[in-house]
Structures are given as C-alpha cells and as structure tokens.
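Here's the structure, in structure tokens; my notes come after.
Any read-out appearing in this document is the output of simple, stated calculations on the displayed coordinates, not a laboratory observation. Given the structure is predicted, the values throughout are model-derived calculations rather than measurements. Quick reminder, even Gly has a Cβ in these numbers, built from the backbone with ideal geometry, and neighbours come from all protein chains shown.
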Amino acid sequence: MNCYCGEDLAFRDCCGRYISGSQLAPTAEALMRSRYSAFKVGNADYLLASLHPSKRASESRESLEQSFANTQWCSLRILSRRNGQSGQTAGEVEFVAFYRSGEEIGQLHERSRFVCENNQWLYSDGDMLPALKLGRNDECWCGSGLKLKKCHPD
Ligand SMILES: [Zn+2]
Ligand SMILES: [Zn+2]
C-alpha cells in the first residue's frame with residue numbers, strides 16, 4: 001500500500017513517522033510530502049507545527065479544519081527540487097497537488113520554500129504557478145497511476 005504522498009511505502013514508514021513526531025523530516029521534500037499527507041489525514045497540529053513560526057499567524061486551525069471538510073486531496077506529484085537536503089538550510093520544492101471540491105477538480109501548482117532551523121525543516125512560503133494542462137497520455141489527476149485516457153475514457 002502506498003503512502004498518501006504517493007511514495008511506495010506504507011504511511012507509517014513514510015509520512016506517518018514525521019506526522020507522529022517520532023522522527024524529523026530529513027529533507028525539504030520529505031517535509032512537503034508529510035504536509036500533503038497531513039492534509040489527507042486532517043492533522044491541523046502538524047500543519048501548524050511544520051509552518052515557520054513567522055507564518056503561523058496567517059494560518060488558523062479553523063480554516064485548516066474547514067479545508068479538510070471541503071477539499072478532498074487526490075494525488076501529489078513532485079515536479080522539481082532545489083537544495084533542501086539534509087545539512088542544508090534552505091530548499092525549494094515544486095509540486096502539483098490535485099483535489100476535488102464538490103464537483104470541481106482543481107490543482108495547486110506551487111513552488112514552496114522551506115528553511116531548516118535546529119535540524120527541523122519548516123515550510124516558509126510559496127509562489128502559486130499556473131495550472132498544468134494534462135494531456136490524455138499524462139497520469140490521471142485522481143492518483144490511480146493510469147493514463148488519463150484509460151482512467152476516465154469519454
Ligand atoms: Zn509519504
Ligand atoms: Zn483517474
């Protein structure tokens with residue numbers, strides 16, 4: 001069974017280790033993946049704790065909990081990464097996350113910035129990027145692993 005973040009590992013051996021607090025995410029990408037999984041499992045505490053302290057005032061538990069109720073995250077794709085390795089102090093991860101909100105399929109395409117303080121990676125902020133256009137031969141947004149044309153033939 002894959003982790004919510006799409007890695008070929010069980011949740012407890014992947015993002016679950018970081019969300020439970022038993023280990024610190026070793027890289028910016030691991031933190032990013034675990035934040036995606038925290039949205040899947042509805043863990044506002046982890047999302048707040050993994051946010052840089054200077055940004056916590058702009059995020060509220062209420063708005064996170066509302067988003068858990070309204071948004072169903074379908075799949076995550078990491079598109080690129082810069083730095084963010086263990087021993088470094090900053091990194092960037094570009095990703096696209098597909099979601100369903102009511103009848104609508106949407107995507108969050110973002111280049112996120114992370115900083116590492118006291119061995120702990122934290123999400124700082126990010127730039128929203130234009131939505132990706134999916135072709136029929138691209139992997140489906142729903143996380144099935146199938147090509148779009150095979151997954152939802154018209
Ligand atoms: Zn994971
Ligand atoms: Zn699909």
Scan region 112-138 for residues that are part of a strand (DSSP E or B), of a type outside the set (A, V, I, L, M, F, W, C) and either in contact with a helix residue (DSSP H, G or I) (Cβ under 7 Å, 6 or more places away or on another chain) or crowded, with 17+ Cβ neighbours inside 10 Å (or both) and jot them down. SER112, ARG113, TYR123, SER124, ASP125, GLY126
Among the candidates SER34, SER63, SER54, SER20, which residue alone is touching a Phe, Trp or Tyr at 6+ places or on another chain (Cβ under 6 Å) and either within 16 Å of ligand 2 (Cβ to nearest atom) or of a type in the set (S, T, N, Q) (or both)? SER34
Helices (runs of 4 or more DSSP H) wholly in region 1-84 with at least 3 residues that are farther than 19 Å from GLY126 by Cα and in contact (Cβ under 8 Å) with a residue 12 or more places away in the chain - which ones? 15-19, 61-70
Can you tell me which residue is farthest from HIS52 (Cα to Cα) among those in region 141-151 that are without any contact (Cβ under 8 Å) to a residue 24 or more places away in the chain and either hydroxyl-bearing (Ser, Thr, Tyr) or surrounded by 14 or more Cβ atoms within 10 Å (Cβ to Cβ) (or both)? CYS151
Residue by residue through region 126-139, note down the ones that are in contact (Cβ under 8 Å) with a residue 24 or more places away in the chain and within 14 Å of ligand 2 (Cβ to nearest atom). GLU139
I'd like to know if region 83-94 contains one or more residues that are closer than 25 Å to CYS140 by Cα and surrounded by fewer than 17 Cβ atoms within 10 Å (Cβ to Cβ). no
